[in-house]
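Structure first, commentary second.
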Amino acid sequence: MSDNQTTHETIAEAFGRTTDPLAEYDSRFKQLDVDPFNLWLEEQVYSQDYSEGTVNTLERRIRQWNEFMMEQHDRHPAVPTTRHVMGFARYYLNEQGNSKNTVGAKLGTLSRAFRYFQSEPAFPHPTDFNPFDAAKGKIDLNGDDPKDPRPIPLEELRGVIQNEIKHIRDRAIIVTQIKLGLRASEASNIKLSEIHIANSELQEHYDELGTHPALEGRPNAVYIPHDRKKNKSERPRVLPLDDELRRVLLQYLLCRPDNQRPWLFLSKSGGKKMDQDNINDIWKKYFRPEYGPNERYRGVSSHYGRHYFTTWFRIEREWPRELIKYLRGDRQSGGKIRSTRDAIDSYIHAWYEDIEEQYRQEVYKLRI
């Protein structure tokens, strides 16, 4: 416990108060079948004339908060402490590379939802305590945005991958993210059915390999869905696998645990599905402390490959923005995404053929 926290506890005790006034409601909220944040969305967001983009943004912020609380603290998201909120803000500032303005906007949305709880008589939330507002006053969300990612020269990056990353699975994960610009969550969510590699030995061993309909007629490619938990992208996409990435994936797949789990990347212990935190730890293992944060740059983490990938194609190869938006899974022009497979496939068909050949020719080579 920090000195400041101890001081707060002392003051609370002196006046018969508590620094965690919402703790008593945690178990009862967990027992409810109702999601308080969904209720806020229904009554305060969906009922308004907001644009689709605004609604998607508000939903994403609520989803990120819920996942943070339940996965990292096992605390119901509707009854946090100020420290929980500060931890959430620091996670998105330091680990996810969000700007101060972006994190401030996240807290603003969450504060709006909390004020709704305070205003409704059915909720037990006191009107004299809003943990989101309290946290915003204790974190610097003004001034400069987070530091830039470190500009590692390609030759230097090659050296790290060639000389430092010897573990077959770890190398496959890092190279996949660097070559495809994937978030850690997107890499962890790839299924065997969503990746095709033209190799008879692999095809014999993995019956489901590359069987997703989006890969039909598209050899040596991977399908990245947009709507899987934590994937965050606005659109699905198919991306090519160049010769180097196919090679490291082949090495990995030939020794991957054969336990009938559908996921491409599995943990060393237990052969379980990996999550974004597991993958972030892998990056830090090989790139820190040498490429850790300093006064000028943020530390290299699992998001680094996405920055490197985007910079390469936009700056080094001068690709048009619309093609880069496809590579990244960013929102394109057009209407809502329909849930049918045909709608998704027709979207991908319109773009994959536009980038495939050029991508294979111009993606950077790591000489592995």
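The values are calculated or read from the model by the stated rules, or taken from the named source; none is laboratory data. Just so we're clear, the structure is a prediction, and the values are computed from it rather than from any experiment. Cβ: placed from backbone, ideal geometry, glycine included. Neighbour counts: every protein chain shown.
The table for this structure:
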quantity: Residue 30 being closer than 30 Å to residue 293 by Cα and in contact (Cβ under 8 Å) with a residue 12 or more places away in the chain; calculated: no
quantity: Candidates 75, 83, 90 - the one that is charged (D, E, K, R) and over 15 Å from residue 135 (Cα atoms); calculated: 75
quantity: Filter result (in contact with a Ser or Thr (Cβ under 9 Å, 6 or more places away or on another chain) and within 27 Å of residue 124 (Cα to Cα)) within segment 86-108; calculated: 105
quantity: Check on residue 110, outside any helix (DSSP H, G or I) and either touching a strand residue (DSSP E or B) at 6+ places or on another chain (Cβ under 8 Å) or closer than 30 Å to residue 45 by Cβ (or both); calculated: no
quantity: Criterion violated by residue 328 - all others in (1) surrounded by 17 or more Cβ atoms within 10 Å (Cβ to Cβ); (2) at pLDDT 95 or above satisfied; calculated: (2)
quantity: Selected residue (only one of 306, 247 is more than 23 Å from the chain's Cα centre (by Cα), under 29 Å from residue 156 (Cα atoms), at pLDDT 90 or above and not in a loop (DSSP other than H, G, I, E, B)); calculated: 247
quantity: Single condition residue 265 does not satisfy, out of (1) under 21 Å from residue 96 (Cβ atoms); (2) modelled with pLDDT under 95; calculated: (2)
quantity: Residue 132 touching a Leu at 6+ places or on another chain (Cβ under 6 Å), crowded, with 18+ Cβ neighbours inside 10 Å and farther than 23 Å from residue 280 by Cβ; calculated: yes
quantity: Residues satisfying the stated conditions in segment 235-258, i.e. closer than 29 Å to residue 68 by Cα and surrounded by fewer than 16 Cβ atoms within 10 Å (Cβ to Cβ); calculated: none
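Here's the yes/no breakdown for (1) in contact (Cβ under 8 Å) with a residue 40 or more places away in the chain; (2) touching a His at 6+ places or on another chain (Cβ under 9 Å):
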{"position": "51", "(1), (2)": "no, no"}
{"position": "65", "(1), (2)": "yes, no"}
{"position": "78", "(1), (2)": "yes, yes"}
{"position": "105", "(1), (2)": "yes, no"}
{"position": "113", "(1), (2)": "yes, no"}
